[in-house]
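The values are calculated or read from the model by the stated rules, or taken from the named source; none is laboratory data. These numbers come from a predicted model, not from an experiment. Glycine gets a Cβ as well: all are built from the backbone with ideal geometry, and neighbour counts include every protein chain shown. When the accessible area is computed, the model is the full protein with side chains, heavy atoms only, and any ligands, DNA or RNA have been set aside. Shrake-Rupley method; radii C 1.70, N 1.55, O 1.52, S 1.80 Å.
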Amino acid sequence: MAAAVRLLPAVTLALVSRFPAAGCARRDVLELGDADFDYLATEHETMLVTFYAPWCGHCKKLSPEFDKAARRLKGSVQLAKVDCTSHSQTCERFGVSGYPTLKIFRNGRDSAPYDGPRTAEGIYHYMKKQTGPDSVHLQTDEDLQTFITHYEASVVGVFPGAASRLSDFLKAAGLLREQFRFAHTTDLRLGAEYGVQSESVLLFRPPRLRNRFEDDVVVFSDHMTITSLRRFIRDNIYGLCPHMTLENRERLRGRDLLTAFYDLDYHHNTRGSNYWRNRVMKVASQYTGRGLTFSVANKKDFLSELEDDFGLGTSDGGELPFVTIRTKLGHKFTMREEFTRDGRSLQRFLDDYFAGRLKRYVKSEPAPERNAAAVKVVVAETFEDVVNDPEKDVLIQFYSPSCLHCKKLEPVYRELADRLYSDRNIVIARMNAVNNDVPLGYDVQGYPTIYFAPVGKKDEPIRYQGPRELKDFLNFLKQKAGRGAASSGSRDEL
């Protein structure tokens, strides 16, 4: 008997080793691979998968947020991960070319790319909207009241009669469910309280954001198509002064946006949160139709942005809001005057903005005192003088000090600069894109990113996407430079 007891741990270990997926299945995040991906994925109606590499910095940053979201979503949406360095076959099959790549699977089939937020809270809310029907069917007034009493806005279609446009509404709900909440009813009586007498769409603002400056409900009764409904929601969903969060900020920033940042907390202090919002809205109502959108946000959610992007010392702010403007072109302005409760300081700031009297804020390192090396150092304040010099062709590398790929490129880039140093028509430069604002026209999403700014076309920079060896850079410059890569060294190298 004793011998049998001693064998139990070994037997248990053997069974776990033979069936690793069973052990993984008990975890909040499934670990899938080439051997078991198809088998396990089909067990879940909705699944979010991150395809990652262990060395990837962005993957490491996402991992704890992904784990937190998995715990909250347990029982409704399964989260899983695939290590692409160990299971390359699966990653290649789903077209994974960068890390992390997130995809939504339904019953084991690749359904859609995940393009939502990367925070635990954002992943949770985004994926919760992936469960259940695209639009909830409301049958009673109680159903309606329960649906619209929600933290977020609600879109409700009223479609009586067999010849209604309900099918178009449901198609739109399927396309937009990740962003908005949809419900519908075929009972006209549910819309009577809101003046609805025929098929219409009602947009209910969140109860926490109701105010005296705008209607709580907006009614759409024009001819409905998917396009017109989408436009109606886009134009009305946020109202006069929406609550900007980490999850919706990118949608709001498709326009010129003023934001008041303060200790906003709609979960625990709705009245206090609306105190400053009402003061912003009172002023905002005087500037409607002038192309500027207004919003409020929790200062704690955007601390690094306020400090890094706007140079604001948030530790000294107290209870008063910080006010910034970020235009859709990327121009940034800050209100330096203290926010007054009567709103007059905000009015003065807006009057100066619309009159063009405000100075833009630009994040920049100090300009180097000496810049005699072959690779020229560029900062935001010198970008115009160096890169946009009308007489020079400029190859500019945007880098991060912590980027390993950038460090690997350094000797090649330095050799390129040395080779072309005597050519006065070409400048080889680099800029720390972490500590300096990247100018408009340059899309820097990763490091290193390299652009060529040619003579006569400074507003049309060309992104370099070729190999990163010396001969490749020389060949590129020979083809693109206005006067050619004129040094004899470059021609010998080619």
Quiz item: Which condition number in (1) open to solvent by less than 30 Å² (accessible area, probe 1.4 Å); (2) assigned to a helix (DSSP H, G or I) is the one that Leu258 fails?
Solution: (2)
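Specify which of the listed residues (Val412, Val378, Val434) is touching a residue at least 40 places away in the same chain (Cβ under 8 Å), open to solvent by less than 70 Å² (accessible area, probe 1.4 Å) and within 29 Å of the chain's Cα centre (by Cα).
Values: Val412 fails: within 29 Å of the chain's Cα centre (by Cα); Val434 fails: touching a residue at least 40 places away in the same chain (Cβ under 8 Å).
Of Val412, Val378, Val434, the one residue that is touching a residue at least 40 places away in the same chain (Cβ under 8 Å), open to solvent by less than 70 Å² (accessible area, probe 1.4 Å) and within 29 Å of the chain's Cα centre (by Cα) is Val378.
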Quiz item: Do the conditions hold for Ile123, that is, is it under 25 Å from Phe232 (Cβ atoms) and either of a type in the set (S, T, N, Q) or buried (at least 19 other Cβ atoms within 10 Å of the Cβ) (or both)?
Solution: no
Quiz item: Quick one: Asp141 ticks every box in (1) open to solvent by 60 Å² or more (accessible area, probe 1.4 Å); (2) out of contact with any Pro (no Cβ under 8 Å at 6 or more places or on another chain); (3) farther than 21 Å from Asp28 by Cα; (4) in contact (Cβ under 8 Å) with a residue 60 or more places away in the chain bar one, so which box is it?
Solution: (4)
Quiz item: Any residue at all in the range 47-56 that is over 15 Å from Thr101 (Cβ atoms) and of a type in the set (Ser, Thr, Tyr)?
Solution: no
Quiz prompt | Scan of the range 213-230 for residues that are in contact (Cβ under 8 Å) with a residue 12 or more places away in the chain and either among the hydrophobic types (A, V, I, L, M, F, W, C) or in a loop (DSSP other than H, G, I, E, B) (or both), ordered by number | solution = Phe213, Glu214, Asp216, Val217, Val218, Val219, Phe220, Ser221, Met224, Thr225, Ile226, Leu229
Self-check item: All positions within the range 144-187 that are in contact with a helix residue (DSSP H, G or I) (Cβ under 9 Å, 6 or more places away or on another chain), open to solvent by 60 Å² or more (accessible area, probe 1.4 Å) and of a type in the set (A, V, I, L, M, F, W, C)
Solution: Leu175
Exercise. Check His267 against each of (1) open to solvent by 70 Å² or more (accessible area, probe 1.4 Å); (2) within 30 Å of Asn436 (Cβ to Cβ) and name the one condition it does not meet.
Key: (2)
Quiz item: When you go through Ser364, Ser422, Ser402 one by one, which is the residue that is among the hydroxyl-bearing types (Ser, Thr, Tyr), within 26 Å of Leu440 (Cα to Cα) and open to solvent by 60 Å² or more (accessible area, probe 1.4 Å)?
Solution: Ser402
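Examine the range 463-477 for a residue that is in a strand (DSSP E or B), among the hydroxyl-bearing types (Ser, Thr, Tyr) and open to solvent by less than 70 Å² (accessible area, probe 1.4 Å), and state whether such a residue exists.
Just the residues of the range 463-477 that are in a strand (DSSP E or B), to begin with: 463-464.
Filter again for among the hydroxyl-bearing types (Ser, Thr, Tyr), leaving 464.
In the following step, the residues that additionally are open to solvent by less than 70 Å² (accessible area, probe 1.4 Å) were identified as 464.
Yes, because at least one residue in the range 463-477 is in a strand (DSSP E or B), among the hydroxyl-bearing types (Ser, Thr, Tyr) and open to solvent by less than 70 Å² (accessible area, probe 1.4 Å).
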Quiz prompt | Cross-chain or 6+ apart pairs with Cβ under 6 Å, the range 330-357 first and within 11 Å of Val280 (Cα to Cα) and touching a residue at least 40 places away in the same chain (Cβ under 8 Å), then exposed (fewer than 12 other Cβ atoms within 10 Å of the Cβ) and among the small types (Gly, Ala, Ser) | solution = none
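Taking the range 384-399, which residues are open to solvent by 10 Å² or more (accessible area, probe 1.4 Å) and closer than 20 Å to Leu440 by Cβ?
Restricting attention to the range 384-399, the residues satisfying the condition of being open to solvent by 10 Å² or more (accessible area, probe 1.4 Å) are 384-386, 388-392, 399.
Glu384, Asp385, Val386, Asn388, Asp389, Pro390, Lys392, Tyr399, listed by residue number.
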Quiz item: Which of the following residues is in contact (Cβ under 8 Å) with a residue 24 or more places away in the chain and of a type in the set (Gly, Ala, Ser): Gly108, Gly132?
Solution: Gly108
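When only residues in the range 325-338 that are out of contact with any Lys or Arg (no Cβ under 8 Å at 6 or more places or on another chain) and on the phi < 0 side of the Ramachandran plot count, which is surrounded by the fewest Cβ atoms within 10 Å (Cβ to Cβ)?
Initially, the range 325-338 is screened for residues out of contact with any Lys or Arg (no Cβ under 8 Å at 6 or more places or on another chain), giving 327, 329-330, 334-336, 338.
Okay, now just the ones that are also on the phi < 0 side of the Ramachandran plot, so 327, 329, 334-336, 338.
Details: Thr327: 17, Leu329: 8, Thr334: 18, Met335: 22, Arg336: 12, Glu338: 10.
In this case the residue turns out to be Leu329.
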Practice problem: Report, ordered by the first and then the second residue, all pairs with beta carbons closer than 6 Å, sequence separation of six or more or different chains, a first member in the range 231-257 that is in contact (Cβ under 8 Å) with a residue 40 or more places away in the chain, and a second member that is part of a loop (DSSP other than H, G, I, E, B) and among the polar types (S, T, N, Q). | Solution: Leu246/Thr119; Asp256/Thr327
Quiz item: Just wondering, is there one or more residues in the range 273-292 that are in contact with a helix residue (DSSP H, G or I) (Cβ under 6 Å, 6 or more places away or on another chain) and either over 24 Å from Leu358 (Cα atoms) or surrounded by fewer than 16 Cβ atoms within 10 Å (Cβ to Cβ) (or both)?
Solution: no
